[in-house]
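Below is one structure, written out as structure tokens; the observations come after it.
The values are calculated or read from the model by the stated rules, or taken from the named source; none is laboratory data. Here the structure is a predicted model, which means the values were calculated and not measured. Quick reminder, even Gly has a Cβ in these numbers, built from the backbone with ideal geometry, and neighbours come from all protein chains shown. When the accessible area is computed, the model is the full protein with side chains, heavy atoms only, and any ligands, DNA or RNA have been set aside. Shrake-Rupley method; radii C 1.70, N 1.55, O 1.52, S 1.80 Å.
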Amino acid sequence: MFAVTAARFSPEDPLAALHLGDHPEPAPPDGWTTVTVRAASLNHHDVWTLRGVGISADRLPIVLGCDAAGVDEDGHEVIVHAVVGEGAGHGGDETLDPSRSLLSERYDGTFAEKVAVPRANCVPKPVALSFEDAACLPTAYLTAYRMLFAKSGLEPGATVLVQGAGGGVATALILLGRAGGFRVWVTSRSEEKRARALELGADQAFAPGSRLPERVDAVMETVGQATWAHSLRALRPGGRIVVCGATSGYAPPAELNRVFFLQLSVIGSTMGSRDQLARLASFLEQTGTRPRIDRALPLADAREGFAAMISGDLFGKIVFTP
């Protein structure tokens with residue numbers, strides 16, 4: 001079958017590690033099934049894999065891709081849950097399993113005509129969602145859903161600041177936050193991306209580090225070191241930062257004096273559970289909210305999508321169709 005794989009690691013030039021071509025079809029073990037992929041979406045995780053981050057060389061070559069929607073062996077339209085782990089013993093939350101992995105880390109991923117997954121990782125796709133929309137959900141939108149509705153501790157009407165508008169998670173935070181009744185503020189270095197965020201439903205958009213009109217109830221943090229000080233200053237007393245990533249660096253000054261004096265909370269958040277993915281799909285069905293897709297490309301043109309992500313030339317998700 002045709003697939004997009006990481007053939008080797010190339011920290012400086014990740015596109016050089018990308019291979020497009022034939023790959024063996026999956027042979028699912030007991031308890032697994034094969035999904036025929038109708039659409040898959042790109043994440044920064046895929047670029048990190050090409051750079052050699054979070055994966056060992058003995059896993060290569062490996063099919064890239066965490067996210068997909070397609071048709072299972074029984075003809076059911078499904079969304080593929082990207083987290084492979086054991087929920088039992090972890091409160092039903094497989095993201096708390098220390099041995100968990102994402103598709104394309106230990107097992108071949110979704111950038112192929114077919115992908116093998118545990119049967120439990122197949123979530124029914126609502127008829128109202130297209131395959132392209134559904135393929136955007138398992139990583140970026142599920143991460144945003146969990147941050148907003150499970151980790152923030154907020155009620156509708158609260159104000160949240162999203163750092164770094166433009167990326168997949170940040171875009172999802174704007175769309176889901178607006179649909180969930182939050183007042184959403186965003187930051188971005190790009191004037192164009194600030195304008196696009198307002199078009200998506202953000203209430204206000206600011207340059208990074210700007211003084212805000214008032215302090216916010218929570219900050220959704222995906223950038224890390226470059227925005228951390230601003231995130232702390234932006235919070236009201238008792239507010240919280242929900243962190244799902246740190247694309248600009250992992251070691252900012254902690255400013256513990258501000259944390260304890262203002263009784264701030266720092267909450268980590270990673271992906272989401274299968275049950276949360278099912279609820280996210282229902283949320284989109286009920287609210288009419290749909291993912292922002294920057295572009296849809298044939299899987300054979302995946303190199304173009306990777307190049308756009310590496311350069312930052314995107315606003316929303318990049319979707320591949322086999």
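Results, tabulated for the structure shown:
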| quantity | calculated |
| --- | --- |
| Per residue accessible area in Å² of the chain, where ligands, DNA and RNA are left out and the probe is 1.4 Å | 42 |
| Among Leu235, Leu137, Leu212, residue whose mean-square fluctuation peaks in a GNM of the chain (springs only between Cα atoms under 10 Å) | Leu212 |
| Qualifying lysines (Cα of each under 20 Å from Cα of Lys193; at least 8 residues distant if same chain) | Lys317 |
| Of Asp217, Asp30, Asp46, the one that fluctuates the most in a GNM where the chain has Cα springs shorter than 10 Å | Asp30 |
| Cα coordinate range in the stretch 154-245, projected on the principal axes (Å, largest first) | 31, 28, 25 |
| Length-normalised contact order of the chain in % [C-alpha pairs under 8 Å, at least 6 apart] | 19 |
| Rounded to 5, percent antiparallel among DSSP beta bridges of the chain | 55 |
| Gaussian network model of the chain, springs between alpha carbon atoms under 10 Å - residue of Ala112, Ala234, Ala165 with greatest fluctuation | Ala234 |
| Arg106-Ile267 FRET efficiency (beta carbon distance; Förster radius 25 Å; 0.05 resolution) | 0.40 |
| The stretch 225-284: relative contact order as a whole-number percent, Cα under 8 Å and 6+ apart | 39 |
| Net charge, Ala300 excluded, C-beta distance under 14 Å - Lys, Arg +1, Asp, Glu -1 | -3 |
| From phi via Karplus (6.51, -1.76, 1.60), per-residue ³J(HN,Hα) for the stretch 228-237 in Hz, x at Gly/Pro | 4, 4, 5, 4, 5, 5, 7, 7, 6, x |
| Coil-residue trypsin sites (Lys or Arg not before Pro) of the stretch 156-247, DSSP, other Cβ within 10 Å capped at 12 | Arg211 |
| Percent accessible area from carbon and sulfur atoms, the stretch 1-113, protein chains only, probe 1.4 Å | 49 |
| Percent of beta bridges antiparallel (DSSP, the stretch 239-322, rounded to nearest 5) | 0 |
| Hull volume in cubic angstrom per residue (convex hull over the Cα atoms of the stretch 47-153) | 127 |
| Computed Rg/Rh of the stretch 147-192, alpha carbon atoms with Kirkwood Rh | 0.97 |
| Surface share of carbon and sulfur [accessible, 1.4 angstrom probe, percent] for the stretch 214-282 | 54 |
| Rounded if a/c under 1.5, otherwise prolate or oblate - the stretch 232-321, Cα gyration tensor axes | oblate |
| Value of D in µm² per second that Stokes-Einstein yields for the stretch 100-253, Kirkwood Rh from Cα pairs, at 25 °C (0.890 mPa s) | 148 |
| Three-way shape call for the stretch 41-110 based on the alpha-carbon gyration tensor, with the a/c threshold at 1.5 | oblate |
